[in-house]
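Quick note: the coordinates plus some simple rules give every number you see, no bench work behind them. Since the model is a prediction, treat every value here as computed from it, not as a measurement. Ideal geometry is used to build each Cβ from the backbone, glycine not excepted, and the neighbour counts take in all protein chains shown.
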């Protein structure tokens, strides 16, 4: 009996059905009879759905025509977007001044992109953001450098959406941290207050808080005092978001081992010092990824202000659709908005996942 | 020094006898809490007195007396009999029932769809898994309100009028008046079938208990689930035959501009249900996926090594452990669905919030109205947490 020469075994290629495209197909789509069946059924379904949609959206569609040209086509009338883009994005902001919210949003986008990099997470980042927020506020409100004053009642569209989400998060975070600390407190009265607040807010829908801000809150104020409608909705969003942040932060606090508290006690730190120097820096680091998740849902939830008639980007779209010229193209307009929201939210959720991986390195 | 001396030293309070109260944590805590409570009381009193003054000036009566008055508005759809001549209390009840209706159906459909998508996400079929992943990303990253508007617009703008209604299956019509389908004509057999089903479930529950006790005693297993499923099919069928097997159907027919007969599901309800189910199912899918993945591979391998069949592995090893991880976040998603159903107001479905809003606009009773909304939803969420606590206690790992 002779063994085959070693070299011939080495050069034996794997069968063609195990590598390359065919191998991949066999391994991932047709590896058993029911998987093959499933693949075929899914492909048939896709064939039923995708080509007609593609035809509607790209082949039979028009992209930049007057409304009249849309009446006698079968496809999508994307013209509604470019023809109304300045109203959808900026709402009632005066026509000649729309570069201001545009610039403010560009500034915000720049700051967000700058903050993505963890190397920039220093004290200076806070300063940049403060400067940026003041600059954005000035750009929006005007009144200096010869810019016309624009009242908050005319702030609408995308800048309003971003503002409600951003300030909602920035103001809610400290409040949420205090609520979480209060909930962990050994003082019964403080603990009860915080628990009641958190559980109550988390138990009701945001819409009830928005109603509270729009129909109930004016009754709380002394005669003659009125607070701006946008501000009231903003406060409702802050109060709502804070309860959710409190629960996330509590998770971080509970994840702290007892040894950390005991070590802080043994070197003689008081409560404030323990929290500020030992516990919170570690606990908050753990909860960064879920916090981005909260920012994400706060961003999505800002769309609810439509119901109390604030002109966020969803409301401006609806107003556009109620114009008789453009009635009937809701699908196109909503798809455009969905893409807009999707880009923002997907970037956030992706970032949150990336952070989770990066920060998962032990404390 | 003997032991007595040491004890006496330990007993002596080493702190100086007069500690200023701001250095004593216990006393400081009391002061702090009293200040906090006073602050809350003061703010509440301030708001309360303002409110009283405002209400008096606008001459709005406080209290729930308005509930007895005639509502005077119609409600599009209702589970119970309702007309504009009924009281506000009746209208609010109709709203609450509508909320419960859409949430209940939504929860069942979401659980089914979410489980299917979650399992598809884990499928070894690349195409299916990627499609499920795409679905989850797409749905989670678009606000629910926008999705509701979208489905509502599809119903109103893209579906034809009743005369050109789409007819995908026999007896089912889809048009801008909603979804209309045929149902079996009312017959005494249906009640009997319902009872037969309930009896089958009760017997199945008893069999399950008996089977488990017998297994504990003798080690023999009893296929309680399969027997129950068989009973749940066979008993109602027997009842149906016993009543002479009625097959008459109430098929909708086009009369004039609308359909007569059958059951009509309004576009508002359909859009709300569709939006809520598709949105929440994406979150449920992620929960199901995480739950199944949380069961270690070793568990499955060990189960196979002791000779369990694949069905038994799923039933006895994977599911009990995965459900422990799945149920708590699942209940919170169900609660989210119920809370999100309050967005019905945006597309004109008469849920509790929408009816309360109409009531507030008509009577000016803003405080009572918002308080009612909060109370109803708090009731839902508190009862859910009671259930959760019970479940967690029942399912907690018994550690030795």
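Taking chain A as a Gaussian network, Cα atoms linked when under 10 Å apart, which of A:226, A:241, A:161 shows the biggest mean-square fluctuation?
A:226
Evaluate E = 1/(1 + (r/R0)^6) for residue B:308 and residue B:138, where r is the Cβ-Cβ distance and R0 equals 30 Å; express this FRET efficiency to the nearest 0.05.
Numbers: r = 38 Å, r/R0 = 1.27.
Computed FRET efficiency for residue B:308 and residue B:138 comes out at 0.20.
Label chain A by shape, choosing from rounded, prolate and oblate, from the square roots a ≥ b ≥ c of the eigenvalues of the Cα gyration tensor; if a/c is under 1.5 it is rounded, and otherwise prolate applies when a/b is larger than b/c, oblate when it is not.
Verdict is oblate for chain A.
Rank-order B:25-35, A:292-302, B:325-335 by packing density, defined as the average count of other C-beta atoms within 10 Å over each peptide's residues, highest first.
Details: B:25-35: 13.0, A:292-302: 21.5, B:325-335: 18.3.
The packing order, highest mean first, is A:292-302, B:325-335, B:25-35.
May I ask for the Kirkwood hydrodynamic radius of chain B, worked out over all distinct Cα pairs and given in angstroms to one decimal?
Values: mean 1/r = 0.0369 Å⁻¹.
By the Kirkwood definition, the hydrodynamic radius is 27.1 Å.
Can you tell me which of A:19, A:150, A:40 moves the most in a GNM of chain A? Springs connect C-alpha atoms under 10 Å apart.
Among A:19, A:150, A:40, the largest mean-square fluctuation in the Gaussian network model of chain A belongs to A:19.
What full-extension length gain, to one decimal in nm, is calculated for residue A:192 and residue A:273 as 0.36 nm per residue of separation minus the Cα-Cα distance? Before the final figure, lay out each step's value.
Numbers: separation 81, 0.36 × 81 = 29.16 nm, distance 2.39 nm.
Length difference between fully extended and current span is 26.8 nm.
Please report Rg (one decimal) and Dmax (integer) in Å for the Cα set of the stretch A:169-266.
Over the stretch A:169-266's Cα set, Rg and Dmax evaluate to 16.5, 55 Å.
Taking each residue in A:214-221, count the Cβ atoms of any other chain within 10 Å of its Cβ, then average. What number comes out? Write down the numbers at each step before the final one.
Values: counts 2, 9, 8, 3, 3, 12, 8, 4.
Taking the mean over all residues of the peptide, I get 6.
I need the shape label for the stretch B:96-201. Rule: rounded when a/c is under 1.5, else prolate if a/b > b/c, else oblate, with a, b, c from the alpha carbon gyration tensor. Don't skip to the answer; put the middle values down first.
Working: a/c = 1.84, a/b = 1.22, b/c = 1.51.
Taking the square roots of the gyration eigenvalues as a ≥ b ≥ c, the stretch B:96-201 is oblate.
Classify the stretch A:121-176: rounded, prolate or oblate, from the alpha-carbon gyration tensor (a ≥ b ≥ c, eigenvalue square roots; a/c under 1.5 rounded; otherwise prolate if a/b is larger than b/c)?
On the way: a/c = 2.86, a/b = 1.41, b/c = 2.02.
Oblate.
Could you work out the mean count of beta carbons from other protein chains within 10 Å of each residue's beta carbon in B:366-376?
Values: counts 8, 5, 1, 5, 10, 3, 1, 7, 9, 3, 2.
Partner Cβ neighbours, averaged per residue: 5.
Subtract the Cα-Cα distance of residue B:53 and residue B:294 from 0.36 nm times their separation in residues, and report this length gain in nm to one decimal. Walk me through the intermediate numbers first.
Numbers: separation 241, 0.36 × 241 = 86.76 nm, distance 5.81 nm.
The span from residue B:53 to residue B:294 would gain 81.0 nm if fully extended.
7 Å from Cα along Cα→Cβ at both residue A:113 and residue A:153: what's the point-to-point distance in nm?
3.7 nm
Pull out the extension gain between residue B:164 and residue B:233, defined as 0.36 nm times the separation in residues minus the alpha carbon to alpha carbon distance; nm, one decimal.
Numbers: separation 69, 0.36 × 69 = 24.84 nm, distance 3.77 nm.
Gain on stretching residue B:164 to residue B:233: 21.1 nm.
Using a Förster radius of 56 Å, what is the FRET efficiency between residue B:24 and residue B:70 based on their Cβ-Cβ separation? Nearest 0.05, please. List each step's numbers first, then the result.
Working: r = 63 Å, r/R0 = 1.12.
E(calc), rounded to 0.05, equals 0.35.
Report the semi-axes of the equivalent ellipsoid for the stretch A:262-363 in whole Å, largest first, where each axis is √(5λ) for an eigenvalue λ of the Cα gyration tensor.
Values: eigenvalues 415, 56, 6 Å².
So the equivalent ellipsoid measures 46, 17, 6 Å along its semi-axes.
Please average, across the residues of B:115-125, the number of beta carbons from any other chain that are within 10 Å of each residue's own beta carbon, and give a whole number. Before the final figure, lay out each step's value.
Numbers: counts 0, 0, 0, 0, 0, 2, 0, 0, 2, 7, 12.
Partner-chain Cβ atoms within 10 Å, mean over residues of B:115-125: 2.
Quickly work out the residue A:282-to-residue A:47 label distance, labels modelled 7 Å from Cα along the C-beta direction, and quote it in nm with one decimal.
In this crude spin-label approximation the distance works out to 6.0 nm.
What FRET efficiency do you get for residue B:61 and residue A:223 if R0 is 25 Å and r is their Cβ-Cβ distance, rounded to the nearest 0.05? Display every interim value, and only then the final one.
Details: r = 19 Å, r/R0 = 0.77.
The calculated FRET efficiency here is 0.85.
Taking the highest mean first, how do the peptides B:90-100, A:53-63 order by number of other beta carbon atoms within 10 angstrom per residue? Show your work: numbers first, answer last.
Working: B:90-100: 21.5, A:53-63: 13.1.
Packing order, densest peptide first, comes out as B:90-100, A:53-63.
Quickly rank B:135-145, B:200-210 as a protection proxy: mean count of other C-beta atoms within 10 Å, highest first.
B:135-145, B:200-210
What value does the protein assembly as shown have for Rg/Rh, both radii from Cα atoms and Rh as Kirkwood defines it?
Numbers: Rg = 31.3 Å, Rh = 31.1 Å.
Result: Rg/Rh = 1.01.
For the stretch A:94-150, take the alpha-carbon Rg, divide it by the Kirkwood Rh, and send me Rg/Rh. Show your work: numbers first, answer last.
Working: Rg = 13.1 Å, Rh = 12.2 Å.
Rounded to two decimals, Rg over Rh is 1.08.
Compute a Gaussian network model of chain A, connecting alpha carbons closer than 10 Å, and tell me which residue from A:328, A:182, A:203 fluctuates the most.
A:203
With each pseudo-label sitting 7 Å past Cα toward Cβ, what's the residue B:43-residue A:145 distance in nm, one decimal?
For the pair residue B:43/residue A:145, the computed spacing is 3.7 nm.
Binning at 10 angstrom from zero up to the longest distance, how are the C-alpha pair distances of the stretch B:206-298 distributed in percent?
Here the calculated profile for the stretch B:206-298 is 11, 14, 22, 30, 16, 6, 1.
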